[in-house]
Every structure is written in structure tokens, then in C-alpha cells.
Amino acid sequence: GENVEQHPSTLSVQEGDSAVIKCTYSDSASNYFPWYKQELGKRPQLIIDIRSNVGEKKDQRIAVTLNKTAKHFSLHITETQPEDSAVYFCAASPYNNNDMRFGAGTRLTVKP
Amino acid sequence: EAGVAQSPRYKIIEKRQSVAFWCNPISGHATLYWYQQILGQGPKLLIQFQNNGVVDDSQLPKDRFSAERLKGVDSTLKIQPAKLEDSAVYLCASSLSSTYEQYFGPGTRLTVT
């Protein structure tokens, strides 16, 4: 089955700096790659997703890039703010939301 | 719209006891997921339903875990008997169909002592 690895496990940045989180996946059949944000004690929430027919997607300060050949995808957050502090999970799925496999998570801390 | 509802929010049991969790998805959502999230890890898919049929249960420990969604709406997840390693947050999620965004419930935090 699919195996998703996520790096780094923790990331600390200064407010206003950029943050990058990287994930690799093993199953070349995976075609849907969502990113979730989970604040302490709260439920995961989808922040952005990308499908395999697209190389990059942007939504305001958040962007995701996908390299199908190398089987890796990344989350980019620009102009970070303290409220961006949370755990971020990447995930991969061979078909839309079916059989979703999550990475282990990255704890992002944005220092004011 | 109302979100995904789960109950109970917290549960403490002793090992070898049984426990059941309940999930009510967002109205009209055909797809329902149960995840196990162990502290410090990402959610792990246990089972996925499409209406009342099982789409994927490859990671469900079937010797002790069972789940049902008899009328294609709400769902229950049961553990019998529980082990210490079952301590985790059990998240339920739903989506209109598998092509749409998953919405997560607040989770049930299970502690097995």
C-alpha cells in the first residue's frame, strides 16, 4: 500500500518568514494530495489540495507543488503569522479521497 | 451547515473491555470514514463506507474492531476487547462523495488502562 513520509517533524520560523514542508509517496498510482492543518486539540481541516494533472496550486499565502516523477510534493507558506502555528499533515490517495494515507505530521511554530 | 457529530468525546476503559463510538455525518454525505490517530502521528484510515457499503477496510484490525453503517447515515465503531495500544483519538469524517473534501468530526479520545 501507499507510504507517505513527511519532513521535517518540527519547524520553527520567525513571523513573516516562509515555511516549507515536504512529503514523498511510494505509490505511483496516487493522484490526489491534500494538506490538512490541525490545531491543538482540534480536528484536521483541509487547507489546500492538488491533483496529479497539476504541478502547482496557490491560494493566497499557501501553495503546493507536485513532482510526479520524483514522487514528492511540498507545502509552502509565505509571510507566516502566529496563527499559522499548528500541526500540518500531508496525505496521498490513489483515487480522490479513497484509501487516504497520511504523513506523520509537521509541527510548525511561528514566533512573533 | 451542522458538522460531523461524534460521541462520546472522551472514554476511559480498562484493557479487555469493550467500547463503541458513534458518528453522525453531515446530512447528505454519502461517504463516511473512520480514522485512528495515535498521539504524535497522522490519522490512519480504518474503514471507509460509501452509503452502507464498505469501500476499504484493509487497515481495520478485524479480530477486534468492527464498524457498521446500516442505514447509510450514522455509523458505529466498536472495539472488543480493547488493548493498551488502542489508546488514540478516533476521528470520523464525511464527504458528499469520495471526490469531495472530507470534513472531520471532533473525535473521541480513548484511553485504555
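Since every read-out is calculated from the coordinates, none of them should be taken as a lab result. What you see is a predicted model; the values in this text were computed from it and never measured. Positions of Cβ are backbone-derived with ideal geometry, glycine not excepted, and every protein chain shown enters the neighbour counts.
What residue among A:Leu75, A:Leu11, A:Leu40 has the largest mean-square fluctuation in a Gaussian network model of chain A, using Cα springs under 10 Å? Between A:Leu75, A:Leu11, A:Leu40, it is A:Leu40 that shows the largest mean-square fluctuation. Taking a quarter of the surface of the Cα convex hull of region B:12-64 gives a mean projected area of 4.9 nm². About the centre of its Cα atoms, chain B shows a dipole size close to 380 debye [charges on the beta carbon of Lys, Arg (+1) and Asp, Glu (-1) only; nearest 20 debye].
A simple spin-label model places pseudo-atoms 7 Å from Cα toward Cβ; at A:Ala29 and A:Arg107 they are separated by 3.6 nm. The GNM of chain A, with springs linking C-alpha atoms under 10 angstrom apart, assigns the highest mean-square fluctuation among A:Thr69, A:Thr24, A:Thr80 to A:Thr69.
Since only A:Gln45, A:Ser28, A:Ala70 are under comparison, the one whose Cα sits farthest along the positive direction of the charge dipole of chain A, derived from C-beta charges on Lys, Arg, Asp and Glu, is A:Ser28.
Other protein chain C-beta atoms within 10 Å of residue C-beta, averaged over B:95-108: 4. Partner shielding of B:35-44 amounts to 5, given as the average count of beta-carbon atoms from other chains within 10 Å of each residue beta-carbon.
Mean-square fluctuations from a GNM of chain B, with a 10 angstrom spring cutoff on Cα atoms, peak among B:Ala88, B:Ala20, B:Ala67 at B:Ala20. Net charge dipole, chain A: roughly 120 debye, given to the nearest 20, about the Cα centre with Cβ charges of +1 for Lys and Arg and -1 for Asp and Glu. Percent of Cα pairs in chain B per distance bin of 5 Å, from zero to the largest separation: 2, 13, 24, 27, 19, 10, 4, 1. Label positions at B:Ser66 and A:Thr78, each projected 7 Å from the Cα along the C-beta direction, are separated by 5.4 nm. Placing R0 at 30 angstrom, the Cβ-Cβ distance between A:Glu15 and B:Thr99 gives a FRET efficiency of 0.25 after rounding to 0.05.
Here the spin labels are modelled as points 7 Å beyond Cα on the Cα-Cβ line, and at A:Lys58 and A:Leu40 they lie 3.3 nm apart. Peptides A:50-60, B:2-12, B:37-47, B:101-111, ordered by how many other C-beta atoms sit within 10 Å of their residues on average, highest first, read B:101-111, B:37-47, B:2-12, A:50-60.
Across chain B, Cα pairs under 8 Å and at least six residues apart give a relative contact order of 37 percent. Return the percentage of antiparallel bridges among DSSP beta bridges fully within chain B, rounded to the nearest 5 %. Of the beta bridges lying entirely in chain B, close to 90 percent run antiparallel. Selection among B:Phe21, B:Tyr35, A:Ala91 by position relative to the dipole of the protein assembly as shown gives B:Phe21 as farthest towards the positive end (Cβ unit charges, Cα centre).
DSSP assigns beta bridges within the protein assembly as shown; of those with both partners inside it, close to 90 percent run antiparallel. Expressed to the nearest 5 percent, the antiparallel share of DSSP beta bridges inside chain A is 90 percent.
State, as an integer percentage, the relative contact order of chain A based on alpha-carbon contacts under 8 Å between residues 6 or more apart.
Values: 290 pairs, mean separation 41.7, N = 112.
Once normalised by length, the contact order is 37 percent.
Across region B:2-10, coupling constants 3J(HN,Hα) worked out from phi with the 6.51/-1.76/1.60 Karplus curve, θ = phi - 60°, read 5, x, 6, 9, 9, 8, x, 7, 9 Hz, and Gly and Pro carry x.
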